[in-house]
Amino acid sequence: MRRPFGEAAPAVRVTIVQAADQKPRSLKNLSVNLRDLTILIADPGNYMRRVVYGMLRGFGANRILEAADAADVLSALMQQKVDILILDAKLPPQDGLAVTQAIRRNCDNENRTLPILIMTSDAQQSTVKEARDAGASMVVAKPMSPTTLYDRMVWIAFDRRQFIDCPTYFGPDRRFKIEGYPTGVGRRASDKTVEVAAATEPNLGQDDIDSLFQAARAGQSE
Amino acid sequence: MTEKTPPHVRIFSVKTRFQEMAQRPGGLPREVAIQQAESQIESFKTDFVDWVDRELQHLTQALRQVGDGKADSAQLDEIYSRSRQLRDTGTTMGLALVTFVADNLCRVIDTVRDGAPYEVQVIDCHIDALNLAKQDAYRHVRPEQVPEMTSGLHRMLERANRYRTGGAG
């Protein structure tokens, strides 16, 4: 259940990366222009917000707003046009996924199709799927490096998934290519030392998270 | 093969303002953008340790208030949120060990929330480990390089998990 701390990836992991490599490979050749885009960072931690703010400034963003809780987020969205929301999965008082659902499910909300990048410390597959099912555009695992954040911004900028509007869901198309997660994929060596009954899933690596967000149908991913 | 869309499902394309604007030419090249972001992070590193110090003081204070007694949910929330912030920022700031210890502490607190006893000495060990991990000598040290510390903390978590699942005693 541990985040990767640099252990060599298990051999089986290569298979997954190859199966899901359409986007990650092309990310390296793409860049984004964040100038004059309004970016809202929502995280309860002031230092975390500072770190993300610093990264975004480095990327060239010049309009960055901050929010510490859900009320701040909803208030900011009502007051101005926000271009992308970078949202903590555990944002109080409920959580970031509830905020995502509230944004997506409100028919009168002009921000309904707003790109939402969820940041999570808990990158278990079930959590990533919950974020996806809430309508997140992408999930990034914390702690994150500038490269990880930048590539997820690129991913969202060039993502051509369609939106789905149905009685039970509003958000980016969730029909993804899931090649399967054989036992052990994403598991860290340190997991074996801890017997956990309540939550046994390993945290996913960022590549695995990406593959959960990859469009399945031909012509959508590139 | 053609997919048939049910009548109550609407599928539509959206090109958001973010996508339109982000794809404009004239942005920083990827390498430059990432390098600049890394420089920003680098500039925070000197005061990161001061911030960790302050967080640890707050954390210690919160833990003292709990003492040997049973922690209430507000106290646990405060301890958890401070530990979580340390976990979320440590590795980014070059202190992977801080992330590791804080992550373990968060998991221990999770077990307390689920009914495991609040053991002061377990929490104290994590605070001691955090005090060690924040030191400059441990910058860029990875958890697997300090197996005594990591296995000790893992054992504490394992024990707390056994309580949670009713396997202790």
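The values are calculated or read from the model by the stated rules, or taken from the named source; none is laboratory data. The shown structure was predicted, so the numbers you read here are calculated from the model rather than taken from an experiment. As a convention, Cβ positions derive from the backbone with ideal geometry for all residues, glycine included, and neighbour counts pool all protein chains shown. The protein model used for the area step is the full one, side chains on, heavy atoms only, and it has no ligands, DNA or RNA in it. Shrake-Rupley method; radii C 1.70, N 1.55, O 1.52, S 1.80 Å.
Points 7 angstrom from Cα along the Cβ direction at B:Arg113 and A:Cys107: gap in nanometres? The answer from the label model is 3.5 nm. Here the extension length gained between B:Arg24 and B:Asp77 equals 14.8 nm, from 0.36 nm per residue of separation less the Cα-Cα distance. Working from label points 7 Å from Cα in the Cα-to-Cβ sense, the A:Arg160 to A:Gln80 distance is 3.3 nm.
Nearest 0.05, what FRET efficiency do B:Val32 and A:Glu66 give at R0 = 25 Å with Cβ-Cβ as r?
Values: r = 25 Å, r/R0 = 0.99.
For R0 = 25 Å, the calculated efficiency reads 0.50.
Expressed as a rounded percentage, what relative contact order does segment B:84-137 have, with Cα pairs under 8 Å and six or more residues apart? That works out to 36 percent.
Backbone amide hydrogens, once placed in the peptide plane, bring B:Leu28 within less than 5 Å of A:Leu34, excluding anything fewer than 5 places away on its chain.
All other residues whose Cβ lies under 13 angstrom from that of B:Val141 are scored, Lys and Arg at +1 and Asp and Glu at -1, for a net of 0.
Once both labels are positioned 7 Å from their Cα atoms along Cα-to-Cβ, the gap between A:Lys129 and A:Thr168 label points is 1.3 nm. With a cut-off of 12 Å on the backbone N, the residues of segment A:133-157 near the modelled label site 7 Å out from B:Val14 along Cα-Cβ are A:135-138.
Mind scanning A:Lys81/A:Lys129; A:Lys90/A:Lys129; A:Lys81/B:Lys15; A:Lys28/B:Lys134; A:Lys90/B:Lys15; A:Lys28/A:Lys81 and naming the pairs with a C-alpha gap bigger than 24 Å?
A:Lys81/A:Lys129; A:Lys28/B:Lys134; A:Lys90/B:Lys15; A:Lys28/A:Lys81
Summed over both chains, the accessible area lost when B and A associate is about 5200 Å², using a 1.4 Å probe. Largest mean-square fluctuation among B:Arg82, B:Arg30, B:Arg113, in a Gaussian network model of chain B whose springs join Cα atoms under 10 Å apart, belongs to B:Arg30. Just the protein heavy atoms count here, and of the accessible area of segment B:115-163 at 1.4 Å, carbon and sulfur take up 51 percent. Residue-wise HN-Hα couplings along segment B:85-100, as the Karplus relation 6.51 cos²θ - 1.76 cosθ + 1.60 with θ = phi - 60° gives them from phi, are 5, 5, 4, 6, 10, x, 5, 4, 8, x, 10, 4, 5, 4, 4, 4 Hz; Gly and Pro carry x. Using a cutoff of 8 angstrom between alpha carbon atoms and counting only pairs six or more residues apart, the relative contact order for chain B works out to 21 percent. For the residues B:Thr60, B:Thr99, B:Thr16, a GNM of chain B with alpha-carbon springs under 10 Å puts the largest fluctuation on B:Thr16.
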